[in-house]
Structures are given as structure tokens and as C-alpha cells.
Amino acid sequence: MLIIKGLTKYFAKNSPHETLALDNFNLRVGKGDFVTIIGSNGAGKSTLLNLIAGTLQQDKGEIRLSGEMINNQPEYQRARWIGRVFQNPLLGTAPYMAVEENLSLSLKREKRGLRLGINENLRNFFREKLSELNLGLEDNISKKVGLLSGGQRQAMTMLMATMFKPKVLLLDEHTAALDPESSKKILKLTQDLVMERQGDLITLMVTHNMKQALEVGNRTVMMDRGRNIFDIQGEEREKINVDDLVRQFSILGNRKDKYIEDRMVLI
Amino acid sequence: MPISLFLHALEQGLVFGIMVLGVFITYKILDFPDLTVEGSFPLGAAVVAKVIFSGGDPLLGTFLAIIAGSLAGLITGLLHTKLKLTNLLSGILTMTLLYSVNLRIMGRPNIPLLGKVTLLGEIENYFPNLSMDYLIPFFFLFLVVILKFIIDYFLSTEIGLTIIATGDNEQMIKSLGVNTDLTKLMGLCISNALVALSGALFAQYSGFADVNMGLGTIVAGLACVIIGISIIKIPTIFWRTIAVLVGSLVYRLIMIIALRYGYSFGFKPGDLKMISVLLVIIALSVPFIKGKLNFADRFNLGRKDLQNNNGKEV
Ligand SMILES: Nc1ncnc2c1ncn2[C@@H]1O[C@H](COP(=O)(O)OP(=O)(O)OP(=O)(O)O)[C@@H](O)[C@H]1O
Ligand SMILES: [Mg+2]
């Protein structure tokens, strides 16, 4: 269970540029939930994920994971339970290190010691995992990651973010920077990898694609100006279509005048 | 060219090669241009000279030099990670601090070691039948090879990989559960320990320690690293450590030749530093002149152009 209570985050506090990026944000997500998060630019989606992961520190509020308060732990400690994939495929992997080295770094996230980072057993395990991606990477396990395509790197990052069996998976527009073909593949891979965990994982996926937001996962949260303004799941979510969602967004976000604009941005 | 010139280049290339391994770890592995070495090289020399001059055991002195070097790295690392100073400023502060520290340790600007029992002297006593001419290069070679393999092994361990990743994509490795403050501290300590060891051995080899002997260490180190990896381009750790050592040998050979024969072209000993800088610039510009940069060249040149992925995306 991931519980977020009263989470508030300012940027450039007490300066003329002060921005309230998260405004008393609340969310409770149960094990097995796959939540898609939507909202216009600057709504605070990335800030939310960065606060959960510990890349940023909140000004107020708390984050609990399986009962444990994690909001004061440094990022590297939370990484034991949190897998992440970013929009930019270059962010999730180390370009001048080999495929197998990247995987090894991701698999063991605590108590690293003076054992070799890679051995035959691990190598076989990595080959097996890589072959499931169907990208032929299992035969290029010592290739430098910088030589792979964006789609291949993103697929590797997906694998790295799930292979160590995290409790939480954070995806921030992780298909947005890819060509349509790779984008589709990565989304499919995401669903497969989440399925593999059979309801044992909490997934938060930010997307700008409303259609995707309703098709993928089992719950959708809409954010606006740092608040959680709309949260649907189950039957209610089944019935809703993209157009309804955009309308909701305009009404709830007090943006009736901007309906057309929102439609263009969100779909 | 007389054979003794080659032997000298070999000896110096190996002794300084230990320093080059240290510079390689900060500059290439951690992506941290560390100026501390300008101070930690003479620090190693000062510590060992002080111990030997006061009648202490040279092995103990060498060991203390290694410890002192790693402390120097620790200071730079703390300035950088805790006070958030830039890597260049952190190095400059420590390097300048060490100048005073080194003077304090030695009590004067220069300590001669001629006639004292050094580590090399002790080794000579172990092998009375061998000529010093071959014993010294052989001992240095032995030491450098051992250090090379220890570094290779360390960099392939779980911790070692996190140090490499810190230089390659810091943001990623943080999100994979690594405290990058710690990996940077480790890298800096190891690097400066090697540099101080190099300084300690050089003092015993050349028979003196001087507070100014660190001048130009960083450029010499960079020159060796860059020359080495433009000669041997295989991007595995095993070959990269070999490459920088080869770079060290080539560099010393060039320096010795320049010193020996340069006068006929009007060179003076004071021009050596300029030659070092020219070497660095030439080695760095060759791939540009040859044409487009490929992946391997970018890798060799320092990684900035490929690494614009550190643009604030989070
Ligand atoms: N590092 C930062 N410094 C200052 N302001 C920031 C910073 N990061 C985000 N902000 C501001 O906080 C607000 C929320 O930004 P955030 O990146 O969370 O939005 P988002 O919902 O992810 O938007 P997008 O859809 O464009 O990715 C915005 O107003 C943004 O300008
Ligand atoms: Mg965002």
C-alpha cells in the first residue's frame, strides 16, 4: 500500500518565482493497482513521482510505503523498492557501460560488496531476461549501451526497473519520446512486465495520451495545479470515454473556457 | 640512442605510471578532473622523505604516504560532496592547502635522501647478485602490474561498477540505490593514494623530495591518459589500464628525448611543461582533424558530447 497524505511542494519558495507544484496532494494506492496519471503541462505529475522516489524533498506531507514512512529517506535508500523509467531513454542507462553491467547495477540495489559484479550465473539470467524482450540483446550482452537505439535502451530500462522485483514502479511518459512503433512495443512490454508480478506491484504511469490512460491499467487519476482532482476506477472507468474525460478535466479544473485547448493538448 | 635512455624512460614511465592510474580513475572513470594530484604527489614524497630522513623504515614511510594521499582525496571529496563546491574548486583548495602541509611535514622546501636507506636500497640488499640497472625497472614493473590487476578487479566488483556508473550517468545510478557521494569519495581516495604512492617512490628513486615537485602533475597525468587511450582503443577496463600505462611510457620517452636532444632545436628544460600541454592538445585534436567523431572517439575524448542526457529532465 502506498499512501500519500497532504503532499506539498514549492519550487523557489519565498522568491518572486515561487511555484506551488504540489498542493496538498492525496492518494492511496493498493497492491496490484496500475494507476495512470494525466494532467496538463505543469500539473505536477513529474514532481509527484520525484517526491515518491526521493529525487526531490517535499515541503509538507508524508509518503508511506507498506506502512513505513519513506519521505525522509534519501533517494538511494528508496531505490531498494522503487523502479523508475523516464521519458528520456538516455536517462535510464549508462551509455559507456555494457548491457550486462547495466543490468547488474540494477539487480542488486543494496549491500553491494567486493564480489564480482558479473558472473556466469548472472550472465545466464540476464540472457534469459533479455531474450524475453525479443530485441536480440541476449547476443550482445557485452555491447556498450550507448550503441543501442532509443527504443532498445528504453526496453532495457523497463527490464532494469522491474527485474529486481520492486514494490513500486514509476513511469513518467516513458513512451513519449519514442517513434510510434517503439512506443507501442514499450507499452506492451510494460503491461507484460507488470502482469508478471501478478498483482504484487504498485504502478504509477504518467501519460499525456488520454486513450492510453483509459486503456492501460485499472485506475486513472487526473491532476491539475498540483491537486488530485479526479480519480476513477472500476465500472465508472469502464464507461467513460476520452471525450468525457476531457470534459471532466475542463469542469473540474475550472477551465470551461479552455475546453478546446485542453482537447488539443490532451488527446 | 643509448640503451640507458630507454631504461630511464621505462623506470620513470612505470613510477609515474602509478600516478597515471590514479589520474585515470578520477578523470576517466569518475569524470572528475582532480587537481588534488598537484599536492598529493609531493605529499607522498614529503611523508616518505620525512620518515626516511628521521631514520624510519622506508616501507612504513611508503605506507604512510599512501594513507596521507587518500586523506588528501578525502578532503577534496568532502568539499565537493558536502559543501557542494565544483570539482575544480575542491581540487584547487586542497592542492593549495597541501603546499603548506607539505612544507610543514618536511620542515623545509627540500630533503635529500642520498646515502639514506630507501625501499629500493632494501630491495637491492635482498638481491645482492643482481645489477641495480635491471632490478629497479623490474621491481617497478612488478609493482605496477600488481596494482593494475588490483584496480581491474576492483572496478569489476559490485562496488567498482557503481563507481564507473557514477562517472557515466550519475542520475541513473542514484536512482538504482547508490549513494554517489560515497562512490566519489572512494574514487578520490583511491586515486590520490596511488598518486601519493607514486610520489613516494619517485622521491626514493630520484633521491630527494621537493615541495615543488608536484608542479605539472595533472597535465602530465592527463597527457599520459590521453596519449594512451588514443593508441589503444579497446574500451574494456583491462585494456584501458594497459593503455594509460603505455601512455605513461610513451610520454616519458618523449620527455627524455626532448630533454636530451631538444637543445639542438633550441628547447630548454623549462619548455618541458609547454611540450606536455602541446602533446595533450595534439592528442585531443587528432580525431577532430581526421573527421567525424564516432562513438569510440567520443568515449576517449571525455564524454560530454554524448552525455547531454544530464540536461535536467527529471
Ligand atoms: N526544478 C524546478 N524548478 C522550478 N520549478 C519547477 C521545477 N520543476 C518543476 N517546476 C514547476 O513545477 C510545476 C510542476 O512541474 P512538473 O514538472 O511536475 O509538471 P508535469 O505535470 O510533469 O508537466 P509535464 O506534463 O510538462 O511534464 C511547473 O509549474 C513547473 O514549472
Ligand atoms: Mg513531467
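The values are calculated or read from the model by the stated rules, or taken from the named source; none is laboratory data. Every value quoted in this text rests on a predicted model; they were computed, and no experiment measured them. Please note: Cβ atoms are built from the backbone with ideal geometry, for glycine as well, and neighbour counts cover all protein chains shown.
Of note:
- Pair list, Cβ under 8 Å, 6 or more apart: region A:33-48 residue part of a loop (DSSP other than H, G, I, E, B), other residue near ligand 2 (Cβ under 9 Å from one of its atoms): A:Gly39/A:Lys45
- Subset of region B:127-177 (residues that are in a helix (DSSP H, G or I), small (Gly, Ala, Ser) and either closer than 15 Å to B:Gly187 by Cβ or in contact (Cβ under 8 Å) with a residue 24 or more places away in the chain (or both)): B:Gly160, B:Ala165, B:Gly167
- The set of residues from region B:141-174 being more than 7 Å from every other protein chain (Cβ to nearest Cβ), touching a Gly at 6+ places or on another chain (Cβ under 6 Å) and buried (at least 18 other Cβ atoms within 10 Å of the Cβ) comprises B:Val144, B:Ile163.
- Only listed residue being under 22 Å from A:Leu49 (Cβ atoms), aliphatic (A, V, I, L, M), touching a helix residue (DSSP H, G or I) at 6+ places or on another chain (Cβ under 7 Å) and within 16 Å of ligand 2 (Cβ to nearest atom), chosen from A:Leu204, A:Leu214, A:Leu189: A:Leu204
Yes/no per residue for (1) within 16 Å of ligand 2 (Cβ to nearest atom); (2) more than 22 Å from B:Leu30 (Cα to Cα); (3) at pLDDT below 95; (4) among the polar types (S, T, N, Q):
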residue	(1), (2), (3), (4)
A:Leu48	yes, yes, no, no
A:Leu56	yes, yes, no, no
A:Arg78	no, yes, no, no
A:Glu100	no, no, no, no
A:Ser104	no, no, no, yes
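- Those residues of region A:156-168 which are surrounded by fewer than 24 Cβ atoms within 10 Å (Cβ to Cβ) and either farther than 25 Å from A:Asp139 by Cα or small (Gly, Ala, Ser) (or both), in sequence order: A:Pro166, A:Lys167, A:Val168
- Residues being in a helix (DSSP H, G or I), touching a residue at least 24 places away in the same chain (Cβ under 8 Å) and within 14 Å of chain A (Cβ to nearest Cβ) are entirely absent from region B:92-114.
- Of all residues in region A:53-84 being more than 10 Å from chain B (Cβ to nearest Cβ) and outside any loop (DSSP other than H, G, I, E, B), the one that is nearest to A:Lys144 (Cα to Cα): A:Leu65
- Selection within region A:193-206 - at pLDDT 95 or above and not aliphatic (A, V, I, L, M): A:Thr203
- Residue in region A:1-30 that is farthest from ligand 1 (Cβ to nearest atom), counting only those that are away from chain B (no Cβ under 14 Å) and in contact with a Phe, Trp or Tyr (Cβ under 8 Å, 6 or more places away or on another chain): A:Gly6
- Criterion (surrounded by fewer than 18 Cβ atoms within 10 Å (Cβ to Cβ), within 16 Å of ligand 2 (Cβ to nearest atom) and modelled with pLDDT under 95) met by exactly one of A:Asn88, A:Asn41: A:Asn41
- Qualifying residue in region A:58-79 (condition: within 16 Å of ligand 1 (Cβ to nearest atom), small (Gly, Ala, Ser) and surrounded by 15 or more Cβ atoms within 10 Å (Cβ to Cβ)): yes
- Candidates A:Gly117, A:Gly113, A:Gly146, A:Gly151, filtered to the one that is under 22 Å from A:Glu181 (Cα atoms) and either touching a strand residue (DSSP E or B) at 6+ places or on another chain (Cβ under 7 Å) or at the interface with chain B (Cβ under 9 Å from one of its Cβ atoms) (or both): A:Gly146
- Residue check for A:Glu181: more than 17 Å from A:Leu133 (Cβ to Cβ) and out of contact with any Leu (no Cβ under 9 Å at 6 or more places or on another chain): no
- Going through (1) part of a helix (DSSP H, G or I); (2) at the interface with chain B (Cβ under 7 Å from one of its Cβ atoms); (3) under 25 Å from A:Thr19 (Cα atoms) one by one, A:Leu105 falls short only on (3).
- Taken over region A:31-52, the residue count meeting the criterion of being more than 14 Å from every other protein chain (Cβ to nearest Cβ), under 13 Å from the mean Cα position of the chain (by Cα) and either within 13 Å of ligand 1 (Cβ to nearest atom) or hydrophobic (A, V, I, L, M, F, W, C) (or both) is 4.
- Scanning region A:179-208 for residues that are assigned to a loop (DSSP other than H, G, I, E, B) and out of contact with any Ser or Thr (no Cβ under 9 Å at 6 or more places or on another chain) yields A:Asp179, A:Gln198, A:Gly199, A:Asp200.
- Test: residue in region B:175-185 that is of a type in the set (A, V, I, L, M, F, W, C), within 7 Å of chain A (Cβ to nearest Cβ) and surrounded by 24 or more Cβ atoms within 10 Å (Cβ to Cβ): yes
- Only one of A:Gly117, A:Gly150 that is among the small types (Gly, Ala, Ser) and over 13 Å from B:Ala165 (Cβ atoms): A:Gly150
Condition check ((1) within 14 Å of chain B (Cβ to nearest Cβ); (2) not in a loop (DSSP other than H, G, I, E, B)) across all residues:
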| position | (1), (2) |
| --- | --- |
| A:Glu101 | yes, yes |
| A:Leu122 | yes, yes |
| A:Leu133 | no, no |
| A:Pro166 | yes, no |
